[in-house]
Amino acid sequence: MKESTTPETEHNNKIVLFPKTLDYYQIQLTVMLENERYGEAMDLLRFLLQCQGQEERHYDEWRALLEWLQAAFPQYEELEMQTIREEEEEDISEEEMARQHAISKLAQDDGYADKLLRTVMEGPLSEQTMLALEQLAFLDVPKVDEELIGWLQTKVLHPLLQFRVMQTLRRRGVQDIIHFTRGDEEVEVDIASVPLKPEEFPLQIVQILERVADQTEVHEPTLFYFAQELWIQYVMAVYGTRDYQSMLEQNDAMTDIWAAALHMTVADSLGGSHDEENTRSMYAVTGAMRFRLEQAYRSMKQFVSAGLDGH
């Protein structure tokens, strides 16, 4: 039997379950058990055990129920482990296939890296650009690092393309701190720290989205769905800037400000307008914080308005 998650280790998982969603998950769990959807119930219990901030009795109840289900229905546990193994094998095989493809192409054509660089640097921003960057991550050609860094430092690029280039440099093993322009700012980025996946962003970034979840996940699920989509794109676009650094402040007020700005921006996209006073009240943004909220909201709106053609 797998080792159970404990409240002490949950803090490493960076998941917060907000009080307003607890009843929702409890109801979902009851429905799953009543309909004999035991595999789904086990998955939900594992998720709940990863969450922070609940009373100890809840963890005890969830852990006891999960252990009972594992003992009573071992076939679901075996199926879960098989699914996890298959997903891991699929991820590994896809990356390995991409690596082998790039290495094979390079072996057949000494100029393959140059062709990929031209696709990235000279072509329009498209799916081909991203595929070429993925291929460049696997090629053991030292000049690629120099070319990509020089491109970042000398050309005006869309911020999402800049971030993808930084990710490629990290995958290539670059350890340098580089300086370049993002928007109208000069930024300093440690390539070795650039997140490769959404879950690699700092906890403060996660908490801002969770603050929006607290207000919308149950009663406005559509808004929360689009908030998730916009947030990761926006965070990548401002990575390393003053806006990004402000999100990392160990300050509840700053979390509230960015959460309110995200809520307002998504509300605008869905309905064409938002009730600023109501939103400020919802996120406890006081008058003294209003100017900073307007700055955050304006930054996010500019990103949305720019689309993929803006710089």
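The values are calculated or read from the model by the stated rules, or taken from the named source; none is laboratory data. If you're wondering where the values come from, they're calculated on a predicted model, not measured in any experiment. As a convention, Cβ positions derive from the backbone with ideal geometry for all residues, glycine included, and neighbour counts pool all protein chains shown. Ligands, DNA and RNA are excluded from the accessible area calculation, which covers all protein heavy atoms including side chains. Shrake-Rupley method; radii C 1.70, N 1.55, O 1.52, S 1.80 Å.
Which of the residues belonging to the stretch 122-153 are under 21 Å from HIS101 (Cβ atoms), free of Cβ contacts under 8 Å to residues at least 40 places away in the same chain and hydrophobic (A, V, I, L, M, F, W, C)? If the condition is that a residue be under 21 Å from HIS101 (Cβ atoms), free of Cβ contacts under 8 Å to residues at least 40 places away in the same chain and hydrophobic (A, V, I, L, M, F, W, C), then MET130, LEU131, ALA132, LEU133, LEU136, ALA137, LEU139, VAL141, VAL144, LEU148 are the ones that fit.
When the test is whether a residue is open to solvent by less than 70 Å² (accessible area, probe 1.4 Å), in contact with a helix residue (DSSP H, G or I) (Cβ under 8 Å, 6 or more places away or on another chain) and more than 11 Å from TRP258 (Cα to Cα), PHE201 passes it. Only residues that are farther than 20 Å from LEU161 by Cβ, in a helix (DSSP H, G or I) and among the small types (Gly, Ala, Ser) were counted in the stretch 103-119, giving 2.
Please go through the stretch 204-215 and pick out each residue that is open to solvent by less than 60 Å² (accessible area, probe 1.4 Å) and within 16 Å of LEU248 (Cβ to Cβ).
Residues of the stretch 204-215 open to solvent by less than 60 Å² (accessible area, probe 1.4 Å): 204-206, 208-215.
If the condition is that a residue be open to solvent by less than 60 Å² (accessible area, probe 1.4 Å) and within 16 Å of LEU248 (Cβ to Cβ), then GLN204, ILE205, VAL206, ILE208, LEU209, GLU210, ARG211 are the ones that fit.
The residues in the stretch 165-195 that are in contact (Cβ under 8 Å) with a residue 24 or more places away in the chain, hydrophobic (A, V, I, L, M, F, W, C) and surrounded by fewer than 12 Cβ atoms within 10 Å (Cβ to Cβ) can be counted, and the count is 0. Scanning the stretch 91-132 for residues that are under 29 Å from the mean Cα position of the chain (by Cα) and aliphatic (A, V, I, L, M) yields ILE92, MET97, ALA98, ALA102, LEU116, LEU117, VAL120, MET121, LEU125, MET130, LEU131, ALA132.
So which of GLU67, GLU10, GLU94, GLU86 ends up being part of a helix (DSSP H, G or I), more than 30 Å from GLN204 (Cα to Cα) and at pLDDT below 65?
Values: GLU67 fails: at pLDDT below 65; GLU10 fails: more than 30 Å from GLN204 (Cα to Cα); GLU94 fails: at pLDDT below 65.
Among GLU67, GLU10, GLU94, GLU86, only GLU86 is part of a helix (DSSP H, G or I), more than 30 Å from GLN204 (Cα to Cα) and at pLDDT below 65.
Step by step: first the residues of the stretch 145-164, then only those that are of a type outside the set (A, V, I, L, M) and part of a loop (DSSP other than H, G, I, E, B), then the one that is surrounded by the most Cβ atoms within 10 Å (Cβ to Cβ). Which residue is that? First the steps, then the outcome.
Of the residues in the stretch 145-164, the ones of a type outside the set (A, V, I, L, M) are 145-147, 150-151, 153-155, 158-159, 162-164.
So of that shortlist, the ones also part of a loop (DSSP other than H, G, I, E, B) come out as 155, 158.
Values: LYS155: 13, HIS158: 17.
Out of the qualifying residues, it is HIS158.
Could you tell me whether ARG292 is open to solvent by 20 Å² or more (accessible area, probe 1.4 Å), in contact with an Asp or Glu (Cβ under 9 Å, 6 or more places away or on another chain) and among the basic types (Lys, Arg)? So ARG292 does not fit the description; no.
Applying the set (1) surrounded by 16 or more Cβ atoms within 10 Å (Cβ to Cβ); (2) out of contact with any Asp or Glu (no Cβ under 6 Å at 6 or more places or on another chain); (3) not basic (Lys, Arg) to GLN245 leaves exactly one unmet item: (1).
Out of all the residues in the stretch 222-242, is one or more open to solvent by less than 60 Å² (accessible area, probe 1.4 Å) and acidic (Asp, Glu)? Outline the logic, then answer.
Here is the first cut: in the stretch 222-242, the ones open to solvent by less than 60 Å² (accessible area, probe 1.4 Å) are 223-224, 227, 230-232, 234-241.
Pick out the ones that are also acidic (Asp, Glu) and you get none.
No, the stretch 222-242 contains no residue that is open to solvent by less than 60 Å² (accessible area, probe 1.4 Å) and acidic (Asp, Glu).
There is at least one residue in the stretch 218-232 that is more than 20 Å from MET282 (Cβ to Cβ) and not basic (Lys, Arg).
Is it fair to say SER281 is open to solvent by 60 Å² or more (accessible area, probe 1.4 Å), hydroxyl-bearing (Ser, Thr, Tyr) and over 26 Å from PHE180 (Cβ atoms)? Criteria met by SER281.
Considering the stretch 204-230 alone, what residues qualify as being hydrophobic (A, V, I, L, M, F, W, C) and farther than 16 Å from ALA261 by Cα? Can you show your working first?
Filtering the stretch 204-230 down to residues hydrophobic (A, V, I, L, M, F, W, C) leaves 205-206, 208-209, 212-213, 218, 223-224, 226-227, 230.
Scanning the stretch 204-230 gives a single hit, VAL218.
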